[in-house]
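What follows draws every value from the coordinates through simple rules; no lab data is involved. All of these numbers come straight from a predicted model, not from anything done at the bench. As a convention, Cβ positions derive from the backbone with ideal geometry for all residues, glycine included, and neighbour counts pool all protein chains shown.
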Amino acid sequence: MKENEGNFMKGRRKSHSSAARFVKKLWGGRFTKTAEEWVDEFGASIPFDQELVEEDIEGSLAHVTMLGECGILPEGDVEQIKGGLIRLLEKAKQGELKFSIAYEDIHLNIEKMLIDDIGPVGGKLHTGRSRNDQVATDMHLYLRKRVEEILGLIRGMQRALVAQAEKHVETIMPGYTHLQRAQPISFAHHLLAYFWMLERDYERFSESQKRINRSPLGAGALAGTTFPIDRHRTAELLGFADIYENSLDAVSDRDFIIEFLSNSSMLMMHLSRLAEELILWSSQEFQFIELDDAFATGSSIMPQKKNPDMAELIRGKTGRVYGHLMALLTVMKGLPLAYNKDMQEDKEGMFDTVKTVIGSLKIFTGMIETMNVRTDVMERATKQDFSNATELADYLAAKGVPFREAHEIVGKLVLHCIEQGVFLADLPLDVYKEASPLFEEDIYDALHPRTAVNRRNSAGGTGFAEVRAALAKAKQLLSTP
Ligand code: ARG
């Protein structure tokens, strides 16, 4: 692919009188003039849609097989075309095909190569088909495969989260709201929050396969075809579960790509939040974790630095995925039915999103697997704040004091501590008694962060028993295929 991009770049620097300018177009019949090369370049999609080369040939193989079975093309022609296509597919897999701007896109490039290889009979491949249903088919095949890969990678990252969580059920850390210490929690509980976000991402991608797995092939340019084709047969050959019901819809909607970009945006939003946390946690201020050297970089000037670059990049790349979603929504919003060339703009954002999501998931899995968790620092942090204040309010409320009053009493105690420069566990019992006669010696146990965490065993809470149950559920999910 690199090589081909190279050719493209070379072409750009040449003057307009290069050979490509005078190449006869496959659709050139009604034209008396050829476009200047720089105009061709502007219109061409081959620099990027060559990514679809394998899907394009697979689609053609199914199409020509069906043409033979339906008696539309004689078997001899079908065999020749198939032979040529298979040779092209092999070359494509070896990266040996040379694409040309003069043939605009992947579909015409492949058709031209086929004709060059087997002669004019290659020109029969396009019977009963248009590039409009062809390109839509290619992209459905492409996304189906990539979404499958993404699903596997989400599972991989979930596994990494579960593996870390298993080691840290009883590791306690400050839980935050407003980035202020709120209540102590189990570190495993924090990690598992992301497990469940990813589980919903998994569901979304997986459910989208139902809509991706439909064949547009045979819709023709927009209206179907006069040839007695069998759309169900090509769908079956390509492994599609069904066909698009309406030919106009089949060639002109890109909702399956928008849905992919939307699901990807949601996933990246989740990854970006965790990235932000890793960045905070690995700072001098928190020191909750240390990222493995393999996922960090140094500074060219400050020798002491270890930067969480990979996490920052994932947070940053989230922006480009949102951008691709917004771009395609905007491309599509004003288009009359059916196909319009605007829709060629659907590809680069989709390819880039696939690459970004796959890369981000791989990096993230590695970062989580290898990060070093500073359990001592996390636990120490829970003892140097007022995140156990709720325990005292709950203590009084459990003894019948209306929670609102209990809140007020404890609020005053916290204020007293701040004035004295101490924490709640440092106050003597008589100060507590003065605040409320219901306080007894056992408050000191309740004030222990570890006790505070462990007592929260309401469903989905951070209590150790509840976290162990959640872990078991998560592992069960990962083991069901
Ligand atoms: N390169 C085009 C695209 O990506 C393929 C479809 C072209 N169809 C057409 N009628 N010009 O959208």
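What relative contact order, as a whole-number percentage, does the stretch 284-384 give when Cα pairs under 8 Å and 6 or more residues apart are counted?
Relative contact order comes out at 43 percent.
Please give the length that would be gained between A397 and V39 if that part of the chain were fully extended, namely 0.36 nm times their separation in residues minus their C-alpha to C-alpha distance (nm, one decimal).
Fully extending the segment from A397 to V39 adds 121.2 nm.
Over the Cα atoms of the stretch 328-480, how large are the radius of gyration and the largest Cα-Cα distance (Dmax), in Å?
In Å, with Rg to one decimal and Dmax whole: 26.3, 81.
Given Cα pairs under 8 Å that are at least 6 residues apart, what percent is the relative contact order of the chain?
Normalised by residue count, the contact order of the chain is 15 percent.
When DSSP assigns beta bridges and you keep just the ones with both residues in the chain, what percent turn out antiparallel, to the nearest 5?
80 percent
Answer with one residue from A136, H324, A465: the one whose Cα lies farthest towards the positive end of the charge dipole of the chain, charges on Cβ with Lys, Arg +1 and Asp, Glu -1.
A136
Hey, if you drop one equal point scatterer on each alpha-carbon of the stretch 291-398 and run the Debye formula without solvent, what base-10 log of I(q)/I(0) do you get at q = 0.09, 0.10, 0.19, 0.22 Å⁻¹?
Scattering profile of the stretch 291-398, log10 relative to I(0): -0.52, -0.60, -1.02, -1.15.
How do 400-410, 76-86 rank on mean C-beta neighbours within 10 Å, highest first?
Put in order of decreasing packing, that is 76-86, 400-410.
I need the calculated FRET efficiency for the pair T32 and N372, taking r as the beta carbon distance and R₀ as 56 Å, to the nearest 0.05.
0.20
P(r) for the chain: what percent of alpha-carbon pairs falls in each 10 Å bin, starting at zero?
P(r) over the chain, rounded to whole percents: 4, 16, 20, 18, 14, 11, 8, 5, 3, 1, 0.
With only Lys, Arg, Asp and Glu charged, each at its Cβ (+1 for the first two, -1 for the last two), find how big the charge dipole of the chain is about the Cα centre; round to the nearest 20 debye.
Its charge dipole is roughly 1000 debye.
Efficiency by 1/(1 + (r/R0)^6): what FRET value for R320 and H232, r their Cβ-Cβ distance, R0 = 45 Å, to the nearest 0.05?
On the way: r = 39 Å, r/R0 = 0.86.
In this case the efficiency is close to 0.70.
From the phi of every residue in the stretch 159-168, what ³J(HN,Hα) in whole Hz does the Karplus formula 6.51 cos²θ - 1.76 cosθ + 1.60 yield, where θ is phi - 60° and glycine or proline is x?
4, 5, 5, 5, 4, 5, 4, 4, 7, 10
Can you pull the three principal axis extents for the Cα set of the stretch 397-481, in Å, largest first?
59, 28, 20
If you take the Cα atoms of the stretch 37-124, find Rg, then find the Kirkwood Rh from the mean of 1/r over all pairs, what is Rg/Rh?
Using Cα coordinates only, the ratio equals 1.00.
Distance in nm between label sites at K25 and D442, each 7 Å beyond Cα in the beta-carbon direction?
Taking the two extended label points, one gets 8.6 nm.
Over the Cα atoms, compute the radius of gyration (one decimal) and Dmax (the largest Cα-Cα distance, rounded to a whole number) for the stretch 209-329, in Å.
Just the Cα atoms of the stretch 209-329 yield Rg and Dmax of 23.1, 72 Å.
Considering amide H positions built from the backbone, and no H for Pro or chain starts, which residues 5 or more places from N307, or on another chain, come under 5 Å of its amide H?
Here the answer is T297, G298, since their amide H atoms fall under 5 Å of that of N307.
Report the full-extension gain for the segment N246 to K167: residue separation times 0.36 nm, less the Cα-Cα distance, to one decimal in nm. Before the final figure, lay out the partial values.
On the way: separation 79, 0.36 × 79 = 28.44 nm, distance 5.34 nm.
23.1 nm is the gain from fully extending N246 to K167.
Which ³J(HN,Hα) values in Hz, rounded to whole numbers, follow from the phi angles of the stretch 424-430 under the Karplus curve 6.51 cos²θ - 1.76 cosθ + 1.60, where θ = phi - 60° and Gly and Pro get x?
4, 5, 7, 6, x, 4, 5
What is the angle, in °, between the Cα long axis of helix 347-370 and the longest principal axis of the Cα atoms in the chain? Nearest 10 is fine, range 0 to 90.
Once rounded, the angle reads 40 degrees.
Tell me, what is a quarter of the convex hull surface for the C-alpha atoms of the stretch 83-159, in nm² with one decimal? Write down the numbers at each step before the final one.
On the way: hull surface 27.0 nm².
Value for the stretch 83-159: 6.7 nm².
Please give the net charge around I314, taking every other residue with its beta carbon less than 14 angstrom from that of I314, where Lys and Arg add +1 and Asp and Glu add -1.
Here the count lands on +2.
What list of ³J(HN,Hα) couplings, whole Hz, do you get for the stretch 27-44 from phi and the Karplus terms 6.51, -1.76, 1.60, once you set θ to phi - 60° and write x for glycine and proline?
Taking θ as phi minus 60°, the curve returns 9, x, x, 8, 9, 9, 9, 9, 6, 5, 4, 5, 6, 3, 4, 5, x, 6 Hz for the stretch 27-44.
Report the rotationally averaged projected area of the stretch 383-447 based on its alpha-carbon convex hull, in square nanometres.
Seen from a random direction, the Cα hull of the stretch 383-447 projects 3.8 nm² on average.
What order, most packed first, do the peptides 234-240, 23-29 have when packing is the mean number of other Cβ atoms within 10 Å of each residue?
The packing order, highest mean first, is 234-240, 23-29.
Take the alpha carbon gyration tensor of the stretch 34-86, find the square roots of its eigenvalues, order them as a ≥ b ≥ c, and report rounded if a/c is under 1.5; if not, report prolate when a/b exceeds b/c, else oblate.
Since a/c reaches 1.5 and a/b is larger than b/c, the shape of the stretch 34-86 is classed as prolate.
Of the listed peptides 220-230, 337-347, what is their order by residue-averaged count of other C-beta atoms within 10 Å, with the highest listed first? Provide the component values of the computation, followed by the final result.
Values: 220-230: 15.5, 337-347: 17.1.
The peptides rank, most packed first, as 337-347, 220-230.
Dividing the convex hull volume of the Cα atoms of the stretch 318-375 by its residue count, what figure in Å³ per residue is obtained?
So the per-residue hull volume is 87 Å³.
Using only alpha carbon pairs under 8 Å that are at least six residues apart, calculate the relative contact order of the stretch 37-124 and give it in whole percent.
41 percent
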